[in-house]
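Have a look at the structure below before the remarks.
The values are calculated or read from the model by the stated rules, or taken from the named source; none is laboratory data. What you are looking at is a predicted structure, and each value in this text was computed from that prediction instead of being measured. Here Cβ is always computed from backbone atoms with ideal geometry, including for glycine, and neighbour counts include all displayed protein chains.
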Number of protein chains: 2
Amino acid sequence: MFKEVLQDVVDRTEGGVAGLLMGFDGIPVDQYVRESAGAPVDVETVGMEFSVILKEIRKAADLLEAGTAEEVSVRAERLTTVLRVINEEYFVALTLLPHGNFGKARFLLRTASSKLASELT
Amino acid sequence: MFKEVLQDVVDRTEGGVAGLLMGFDGIPVDQYVRESAGAPVDVETVGMEFSVILKEIRKAADLLEAGTAEEVSVRAERLTTVLRVINEEYFVALTLLPHGNFGKARFLLRTASSKLASELT
C-alpha cells in the first residue's frame, strides 16, 4: 500500500519522476518510478545520499533551535528533490523535473506523509 | 553594498528574519538581521552549519548527475531557511518565520543572487 501512495504523488505531480519511502538508516521501504518520465533515476541512490544529508540537517536544526526539520528541498540543474520527514525513523522523497510543479509536489507530499505515518505505526 | 542587497530581500519578504552572504568555507561576508523580527537568530551559526550541509548536497547532486545544486530550502518548526548558491565560492541565505512568504523569499533570493554574483567578481 506504500507504493500506491508514492505512485499517487508522483503521477499527480506535473514533472514527477520518482517517489521513495526510506528509513533514516538508508534502507528503502518502497519506491515508485514513473515509466514515462524520460529521466531514469536511481532512486535508491538518491535516497541513500539524502538520508545522510537529512540526518545532518536535523541535527543542525536542533542545534539552531529552529525546531524539528520537517521538509527539505534541493533544486539542481536537472532534478529537484523534495524530502519530508514522516517520523523519527522514516522520510518520503519525491524527485521531479526542473520545470515540474514544485508547489504541488510539496502539497501532495505533505498529505502523503500523514497517510504513510498512520500506516507505518 | 552587500548589506543593502540582503536587507532588501529580508525586508521585502513577509516574515523575513535574517539574510547572510557567506563563503562555502563558513566565513561570512555580510549579514543583516531585521530588528523587529521577534525571533533572535544567530545568523552566523546558521550559516556555518548550512555551509557544511550545502557542500555535501552539492557533492551528492554531482554524484547523482542531477547537475549543479542551485537552491536548498529547509523548513523546520520555528524557522525556514532558503539557501542559494551564487558561484563556486559563495552562497546567500534567507531565514524566515514559518508563516512567512516562502515563494517570495525564493524569488527575491534568485534576483539578489545575480546581483551579488556580479559584485563578487
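Points to keep in mind about this one:
- Of all residues in the stretch B:67-93, those that are within 22 Å of residue A:103 (Cβ to Cβ) have Cβ atoms under 7 Å from Cβ atoms of residues that are assigned to a strand (DSSP E or B) and aromatic (Phe, Trp, Tyr), 6 or more apart or on another chain, in B:83/B:91; B:84/B:91; B:85/B:91.
- Verdict on residue B:26 being within 20 Å of residue B:120 (Cα to Cα) and in contact (Cβ under 8 Å) with a residue 24 or more places away in the chain: yes
- Answer residue from the stretch A:103-121, given it is closer than 23 Å to residue B:102 by Cβ and of a type in the set (S, T, N, Q) and is surrounded by the most Cβ atoms within 10 Å (Cβ to Cβ) among those: A:113
- Checking each residue in the stretch B:76-87 for being surrounded by fewer than 22 Cβ atoms within 10 Å (Cβ to Cβ), facing chain A (nearest Cβ under 7 Å) and not acidic (Asp, Glu) picks out only B:78.
- When residues of the stretch A:53-67 are limited to those that are assigned to a helix (DSSP H, G or I) and within 7 Å of chain B (Cβ to nearest Cβ), the one nearest to the chain's Cα centre (by Cα): A:53
- Counted residues, the stretch A:68-109 - those being in a helix (DSSP H, G or I) and out of contact with any Asp or Glu (no Cβ under 8 Å at 6 or more places or on another chain): 4
- Under the condition of being touching a strand residue (DSSP E or B) at 6+ places or on another chain (Cβ under 7 Å) and at pLDDT 95 or above, the residues counted in the stretch B:11-20 number 1.
- Condition met for residue A:46 (outside any strand (DSSP E or B) and buried (at least 22 other Cβ atoms within 10 Å of the Cβ)): yes
- Number of the condition not met by residue B:107 [criteria: (1) closer than 17 Å to residue B:7 by Cα; (2) within 11 Å of the chain's Cα centre (by Cα)]: (2)
- For the stretch B:34-43, filtered to residues that are outside any loop (DSSP other than H, G, I, E, B) and surrounded by 13 or more Cβ atoms within 10 Å (Cβ to Cβ), the residue that is modelled with the lowest pLDDT is B:37.
- Of all the residues in the stretch B:66-94, those that are modelled with pLDDT under 85 and β-branched (Val, Ile, Thr) number 1.
- Unique residue being closer than 28 Å to residue A:18 by Cα, small (Gly, Ala, Ser) and modelled with pLDDT of 90 or more when the list is B:117, B:105: B:105
- Checked against the criterion of being crowded, with 19+ Cβ neighbours inside 10 Å and either assigned to a helix (DSSP H, G or I) or modelled with pLDDT of 90 or more (or both), the candidates B:7, B:31 yield just one match: B:31.
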